[in-house]
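This report concerns only the one structure given below.
The values are calculated or read from the model by the stated rules, or taken from the named source; none is laboratory data. Because the structure is a prediction, the values reported are computed rather than measured. As a convention, Cβ positions derive from the backbone with ideal geometry for all residues, glycine included, and neighbour counts pool all protein chains shown.
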Amino acid sequence: MVTIYALAAYLDDYLASAEFQDYAPNGLQIEGRAQVRRIVSGVSACGALIDAAIDRGADALLVHHGYFWKSEPLPIVGMKRRRIGRLLEHDISLLAYHLPLDAHSEYGNNAQLARVLDLEVDGPFGAGRMPIGLHGRLRQPLAGVDFARFIAARLGREPLHIPGTADPIRTVAWCTGAAQGYIDAAVAAGVDAYLSGEISEPTVHVARETGVHYFACGHHATERYGVQALGEHLARTFDIDHEFVDIDNPV
C-alpha cells in the first residue's frame, strides 16, 4: 500500500515530467482517497475505463490520455462533468502522463512498441529538446508488405501501409500516436520506413515522393503498451494490485 501523494511524486520524478512542455498537466489530475492498494491502467480516461475502474474497486486510475488539454473548453459540464463526477463519487484518483510516458527509455510507449515489434533501438528520434521517438533497425530485412503483415500480427490491427522505394526495409524510425508529422524528420534521417499511429492527407504524398515507407498503425494500438508496463512496474515497486484494461478503439 502507498499513498496517492507518494505515488504521484514517484511517477513525477521517475518520468521526469517537469522536463516536458506538454499539452496537458502531467501527474495527479484528480485527487481521490489517500491510500492506494489497487490501480487500473488504460490508454484514455474515457467513460468506459472509469466504469471498469469502479467495477474493479480501483483506488487510482493511471492513463496516458487524461483531462484538461490546452484546447479543451474549461467549463466542467456534459461529458466532462459525468466523467469527473464518477471519479469523485467513487473516490478514485486520476494520474495521467502524456509526453513523459511516450519518451521514457524503459516503460515509454516508444520503448515498449520496440519491444512488441522486436525492433533494435539505436537512439532517440524526433524534434525539439526532448525527442520522444526512437530509431533503429529490423532484426532482419523485410519487404514492405511482409513488415506490414508482421505489424498486424503483433498489434492485432492491420496497419495502413504507404509503400516506399526501399525494399527490403532495414532501418526504421517510429513515434507512437499522432506523430505523423515527424515523417519529415524520418526522411531527413535517411531511414527506409517510418511508423506512427495516425496518418494525415499530406503524409501520403511525403511518403510517395520521398520513397520512405509509412505505416499508420493506430493511435490506440501503438500506445497500449507503455501505461501497461508502467502499471506493472508500480505493482512490483509498491506491492499493490494492478490491472490493465484495454478499451477497444479503432483509431
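Among Val36, Val43, Val77, which is touching a strand residue (DSSP E or B) at 6+ places or on another chain (Cβ under 6 Å) and either farther than 26 Å from Trp174 by Cα or at pLDDT below 95 (or both)?
Testing whether each residue is touching a strand residue (DSSP E or B) at 6+ places or on another chain (Cβ under 6 Å) and either farther than 26 Å from Trp174 by Cα or at pLDDT below 95 (or both) leaves just Val36.
Would you mind stating whether Gly156 is closer than 29 Å to Tyr23 by Cβ and out of contact with any strand residue (DSSP E or B) (no Cβ under 7 Å at 6 or more places or on another chain)?
Here the answer is yes, as Gly156 does meet what is asked.
So which of Pro168, Pro131 is within 21 Å of Ala111 (Cα to Cα) and touching a Pro at 6+ places or on another chain (Cβ under 8 Å)?
Values: Pro168 fails: within 21 Å of Ala111 (Cα to Cα).
On inspection, the qualifying residue turns out to be Pro131.
Restricting attention to region 16-29, does a residue exist that is within 20 Å of Asp248 (Cα to Cα), in contact (Cβ under 8 Å) with a residue 24 or more places away in the chain and crowded, with 18+ Cβ neighbours inside 10 Å?
Residues of region 16-29 that are within 20 Å of Asp248 (Cα to Cα), as a first pass: none.
The answer is no; no qualifying residue exists.
For region 183-251, which fully contained helices (runs of 4 or more DSSP H) count at least 2 residues that are of a type in the set (A, V, I, L, M, F, W, C)?
183-189, 201-210, 225-238
Out of the residues in region 101-157 that are in contact with a helix residue (DSSP H, G or I) (Cβ under 7 Å, 6 or more places away or on another chain) and β-branched (Val, Ile, Thr), which is farthest from Ala189 (Cα to Cα)?
Once the filter is applied, the top-ranked residue is Val116.
Looking at Val245, Val251, Val212, Val204 in this structure, which one is surrounded by 22 or more Cβ atoms within 10 Å (Cβ to Cβ) and not assigned by TED's automatic domain parsing to the domain that holds Ser41?
Details: Val245 fails: surrounded by 22 or more Cβ atoms within 10 Å (Cβ to Cβ); Val251 fails: surrounded by 22 or more Cβ atoms within 10 Å (Cβ to Cβ); Val204 fails: surrounded by 22 or more Cβ atoms within 10 Å (Cβ to Cβ).
Exactly one residue qualifies, and that residue is Val212.
Among the residues of region 38-67, count how many are assigned to a loop (DSSP other than H, G, I, E, B) and under 20 Å from Ile4 (Cα atoms).
7
Out of the residues in region 163-185 that are over 22 Å from Val251 (Cα atoms) and of a type in the set (Ser, Thr, Tyr), which is surrounded by the most Cβ atoms within 10 Å (Cβ to Cβ)?
Selected residue: Thr171.
Just checking, does region 12-19 include any residue being under 22 Å from His219 (Cβ atoms), assigned to a loop (DSSP other than H, G, I, E, B) and not assigned by TED's automatic domain parsing to the domain that holds Asp122?
yes
Return yes or no: is His213 out of contact with any helix residue (DSSP H, G or I) (no Cβ under 8 Å at 6 or more places or on another chain) and not hydrophobic (A, V, I, L, M, F, W, C)? Working first, answer last.
Numbers: out of contact with any helix residue (DSSP H, G or I) (no Cβ under 8 Å at 6 or more places or on another chain): no; not hydrophobic (A, V, I, L, M, F, W, C): yes.
No; evaluated as a whole, the condition is false for this residue.
Please count how many residues of region 36-64 are under 19 Å from Pro100 (Cβ atoms) and either of a type in the set (S, T, N, Q) or without any contact (Cβ under 8 Å) to a residue 40 or more places away in the chain (or both). Step through it out loud before you land on a result.
Going residue by residue through region 36-64, those that are under 19 Å from Pro100 (Cβ atoms) are 39, 41-45, 60-64.
This time we only want the ones that are either of a type in the set (S, T, N, Q) or without any contact (Cβ under 8 Å) to a residue 40 or more places away in the chain (or both), so: 41, 44, 61.
Matching residues across region 36-64 total 3.
All but one of (1) in contact (Cβ under 8 Å) with a residue 40 or more places away in the chain; (2) surrounded by fewer than 16 Cβ atoms within 10 Å (Cβ to Cβ) hold for Arg236, so report the exception by its number.
(1)
If you check Leu119, Leu160, Leu87, Leu155, which single one turns out to be out of contact with any Phe, Trp or Tyr (no Cβ under 9 Å at 6 or more places or on another chain) and either surrounded by fewer than 22 Cβ atoms within 10 Å (Cβ to Cβ) or at positive phi (or both)?
Leu155
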